[in-house]
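Undergrad: First the structure, then my questions, so here it is.
The values are calculated or read from the model by the stated rules, or taken from the named source; none is laboratory data. For clarity, every value in this text was computed on a predicted model and none was experimentally measured. As a convention, Cβ positions derive from the backbone with ideal geometry for all residues, glycine included, and neighbour counts pool all protein chains shown.
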DNA sequence: GTTGCAGCTGACGCATGGGTCAGGGTTTAC
DNA sequence: GTAAACCCTGACCCATGCGTCAGCTGCAAC
């Protein structure tokens with residue numbers, strides 16, 4: 001599969017795939033003799049996971065860090081294409097811990113903001129005549 | 001108070017104050033005859049609120065939208081220096097509603113991510129020998 | 001008077017996650 | 001054989017929330 005098809009299958013663009021590769025989220029794909037990238041279905045699955053994580057708020061660097069363990073996130077579609085590298089395991093684990101902390105803090109802040117905004121909204125509505133019907 | 005002192009009092013920089021002004025978060029301050037900006041304590045209080053909201057994840061544009069109603073967020077330190085403008089009230093209200101939705105969605109996603117990461121973390125730890133003591 | 005910090009405006013820089021050319025080569029279809 | 005569609009690399013563009021010059025003026029102290 002060439003890059004255009006792979007990108008379409010994963011719901012993104014060729015540019016994004018090259019970008020992920022450049023940033024270490026995707027392994028350098030096999031090239032044809034003329035230099036064109038070729039992708040497998042496993043690669044596509046990997047890209048889908050990457051996109052999911054990005055949409056959840058992880059950064060590219062985060063995902064690069066746990067790049068070698070992405071297969072854990074997918075019910076065995078993904079092979080562990082990268083070396084299992086025991087060496088980086090503690091780092092990845094650390095990253096998870098830190099990330100969890102950050103997320104918790106984030107949730108707390110958002111909750112606070114939610115509260116604040118809704119109070120503010122209520123006060124606003126109080127001061128404003130409830131706009132009995134329409135306001136155009 | 002000139003810009004440097006006001007910025008310091010609010011815990012930020014002159015650059016930020018000019019930026020807020022330019023983007024409509026702060027009213028154009030009174031200038032000295034030679035063009036230097038002067039700020040009051042109320043202005044400083046306003047800046048603090050702006051920073052709080054920014055740190056909670058609102059964007060500059062969001063804050064600009066509710067700019068005329070910021071005094072609602074502070075126990076009467078702030079005068080309603082801007083015209084109460086009934087006209088923009090529905091817009092501000094709409095903005096609150098949309099913002100609340102976005103925040104709720106955000107919290108949901110983060111919660112999902114938290115779950116996902118913690119499962120992933122657990123699996124990782126499972127595969128790795130629990131590193132009985134230290135691993136250096 | 002003059003040194004030196006403070007302020008002014010305008011413009012470019014940074015990181016993120018890619019989009020969008022530009023200027024080539026390749027592959028596919030007719 | 002040739003045009004259309006795709007791929008390659010490298011480089012610049014977007015929005016956000018300011019940081020950081022650059023080049024000039026203001027202000028307070030000595």
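Undergrad: Name the single residue, out of those in segment B:21-49 being in contact with a helix residue (DSSP H, G or I) (Cβ under 6 Å, 6 or more places away or on another chain) and within 11 Å of DNA strand D (Cβ to nearest atom), that is farthest from the other protein chains (Cβ to nearest Cβ).
TA: Top of the filtered list is B:23.
Undergrad: I would also like to ask the following. Would you say residue B:60 is within 30 Å of residue B:22 (Cβ to Cβ), surrounded by fewer than 18 Cβ atoms within 10 Å (Cβ to Cβ) and modelled with pLDDT under 80?
TA: Taking the combined requirement at face value, the residue does not satisfy it.
Undergrad: Right, something else. Restricting attention to segment A:3-25, which residues are within 9 Å of DNA strand C (Cβ to nearest atom), touching a residue at least 12 places away in the same chain (Cβ under 8 Å) and loosely packed, with under 13 Cβ neighbours inside 10 Å?
TA: Within segment A:3-25, no residue meets the criteria.
Undergrad: Ok, one more. With the condition being out of contact with any strand residue (DSSP E or B) (no Cβ under 8 Å at 6 or more places or on another chain) and closer than 17 Å to residue A:117 by Cβ, I'd like the helices (runs of 4 or more DSSP H) fully within segment B:1-72 carrying at least 3 qualifying residues.
TA: Fully inside segment B:1-72 and qualifying: B:41-55, B:60-65.
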